[in-house]
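J.: For reference, the structure I am asking about is given below.
No lab work stands behind these numbers, since they all come straight from the coordinates. Worth saying up front: this structure is predicted, and the values here are computed from it rather than measured. Reconstructed Cβ throughout: ideal geometry from the backbone, glycine too, with neighbour counts over all protein chains shown.
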Amino acid sequence: MLDDFVTRAIVAGLMVAVVAGPLGAFMVWRRMAYFGDTVSHSALLGVALGFLLGMNLNLLVTLVCVMVAVILVFLQRRQELASDTLLGILAHSALSLGLVAVAFVEGLRVDLMAYLFGDILAVTRGDLVGIAIGGGVALVLLILLWRPLLAITVHEELARVEGVPVLPVRLGLMLLIALVIASAMQVVGVLLITALMIIPAATARRFARTPEQMALFGAGFGVLAVLGGIWGSFTHDTPTGPSIVVAAMLAFVVLNFVPWPGARRRRVP
Amino acid sequence: MFGATRPARSAHGQEGPALIQAEALGLERGGRKILDRVSLSVTRGQVVVVIGPNGAGKTSLLRILLGLWQPSSGRIVRVPRMRIGYMPQHVQVDPILPLSVRRFLTLRHRSSESRLREQLRKVGVPGLLDAPIQTLSGGEMQRVLLARALIGEPDLLVLDEPAQGVDVVGQGEVFDLIDRLRRDTGCGVLMVSHELHLVMAAADVVVCINQHVCCTGRPEEVSRHPEYQRLFPDAGAQGIGIYTHHHDHVHDLAGEAKPVSGVSGKAGHAR
């Protein structure tokens, strides 16, 4: 069954969507959209290093993303630069560094477009195993960290007084983000990864009454976006990664701005 | 209210071992002295109120006592395994996060349905269990925060400006409530505030700080203390009681009094 490249693409996309949706909910709640963007832009540096060192790409991408995420958190703590300035500097520096590093890899013709915008139709069986491991570890980690993460998201100081180990939980979140970025890179590419996390979660808000519902619905909308994007890409011969993001965007627009009888109004005084 | 476990007022500070005792706490940040040899202690059933003007270091002191910050000098002794219930000054949950009061209360400590209901009834908002937390008014939020602080059955209740954003009537109710809870549960209460008069009426011990401890003692003593009267010139003259000050006029740049309604930009320029 996995011999068919479309089937492999769908399986890869679904695995990524199922973990990207719930993690995306946290990124929305914690206002980390731009943070995630910055970290994912640095993934290309991991790809270049992987080629240079001849090591597993997923592993190096994860490592580089964790490092960048931790450096970011550390720099944000010093508060010498506004957070968005810092992210703006790092996001584009990291991407450019990655592009330059790729150019340094001799005798290698990397298909940059595949890394920047994803190449889900080229997913191999080996890639599927990699995505399954990365996504699976991320999902388990997310379930384990769920309650403490939620507590520090609502009020970090209160959580700390109540005994939540804030630093380990935050580091765990960094690792989670890095794992999902490494897994999702092949599906939508480093430039579009955050979209696959943020958009489905944001779409889910209107229908959710609890944090868990928002996470589950986010996963659901992610799955729909993957299926819709692959179908659209297949029938209209469009690039798959961007098609998935367009599908997610369409769902967001339709479900959020079209009156919907069952949905709860979200306006809060 | 009956069967009060509250110690006699005259016994302030001397009742049993201290739940928490701070000795000569000092804090420096960026070369600036924020706290200078501040000592205080709270025993079971005692309400200790820290007051001081803005920038006096009240919040810094609270953070150190809660263990959120490390002091630069001095030490803190806590009773072993003491449970702290903390009510922060201000909690605002972003509307993007769907969160009911029930989930908010049980973020850290799981609790049974009946206990949750009882807790909310105790703080005077029985019907809010399933309300989205973002729809609460300021006063309701303060009560829910208090309920969350109480869920873990704390030995020490730490409150940061508990009546912030609540109107004057509501403030009185919040302090009555804290007083009642202290009697019912016998926990110690440490509170930071600048709502001087209401707070002082509820206090056993008042610690007035302005980087260092200016004066400390029973509310009546502190209110008569020259240091206190210097820090709060308005308050000293009024004594303890409910102090309301209605501004029916403001002063313009020339010092002329004019009605409050004329304050807003355009009316002011029209003159």
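J.: Just want the ordering: B:ARG102, B:ARG29, from fewest to most Cβ atoms lying within 10 Å of their own Cβ. Each step should come with its number before you reach the end.
T.: Working: B:ARG102 18, B:ARG29 11.
Neighbour counts put them in this order, fewest first: B:ARG29, B:ARG102.
J.: Residues of B:80-89, mean number of Cβ from any other protein chain within 10 Å of their own Cβ, rounded to a whole number?
T.: Working: counts 0, 0, 0, 2, 3, 2, 7, 2, 4, 1.
Partner Cβ neighbours, averaged per residue: 2.
J.: Counting other beta carbons within 10 Å of each Cβ, put B:LYS33, B:LYS122, B:LYS58 in order, fewest first. Before the final figure, lay out the partial values.
T.: Working: B:LYS33 13, B:LYS122 18, B:LYS58 22.
Going from least to most buried by this count: B:LYS33, B:LYS122, B:LYS58.
J.: Given the options A:VAL254, A:VAL66, A:VAL16, which has the most mean-square fluctuation in a GNM of chain A, springs set between C-alpha atoms less than 10 angstrom apart?
T.: A:VAL254
J.: Follow-up question, since we're still on this one. Within segment A:65-157, list the trypsin sites (Lys or Arg not before Pro) lying in a DSSP loop whose Cβ has at most 16 other Cβ atoms in a 10 Å radius. Working shown, then result.
T.: Details: sites: A:ARG77, A:ARG78, A:ARG109, A:ARG125; in loops: A:ARG109.
Counting only loop positions with at most 16 other Cβ atoms within 10 Å, the trypsin sites (Lys or Arg not before Pro) in segment A:65-157 are A:ARG109.
J.: Which of A:LEU81, A:LEU139, A:LEU171 moves the most in a Gaussian network model of chain A with Cα springs under 10 Å?
T.: A:LEU81
J.: Which of B:THR59, B:THR216, A:THR7 comes first, and how do the rest follow, when ranked by fewest Cβ neighbours within 10 Å? Walk me through the numbers on the way to the answer.
T.: Values: B:THR59 17, B:THR216 20, A:THR7 12.
Starting with the residue having the fewest Cβ neighbours, the order is A:THR7, B:THR59, B:THR216.
J.: What distance in nm separates the two pseudo spin-label positions at B:ALA131 and B:GLN229, each 7 Å out from Cα along the beta-carbon direction?
T.: Modelled inter-label distance: 4.4 nm.
J.: Based on the Cβ-Cβ distance from A:VAL70 to A:LEU112, what FRET efficiency comes out when R0 is 30 Å, to the nearest 0.05?
T.: Working: r = 27 Å, r/R0 = 0.89.
The pair A:VAL70/A:LEU112 has a calculated efficiency of 0.65.
J.: Show the residues, 5+ positions off or on another chain, whose built amide H is closer than 5 Å to the amide H of B:VAL50.
T.: The answer is B:MET191, B:VAL192, B:SER193, B:VAL207.
J.: Which residues in segment B:41-77 place their backbone N less than 17 Å from a point set 7 Å from the Cα of B:ARG29 along the Cα-to-Cβ direction?
T.: It comes to B:52-73, nothing else.
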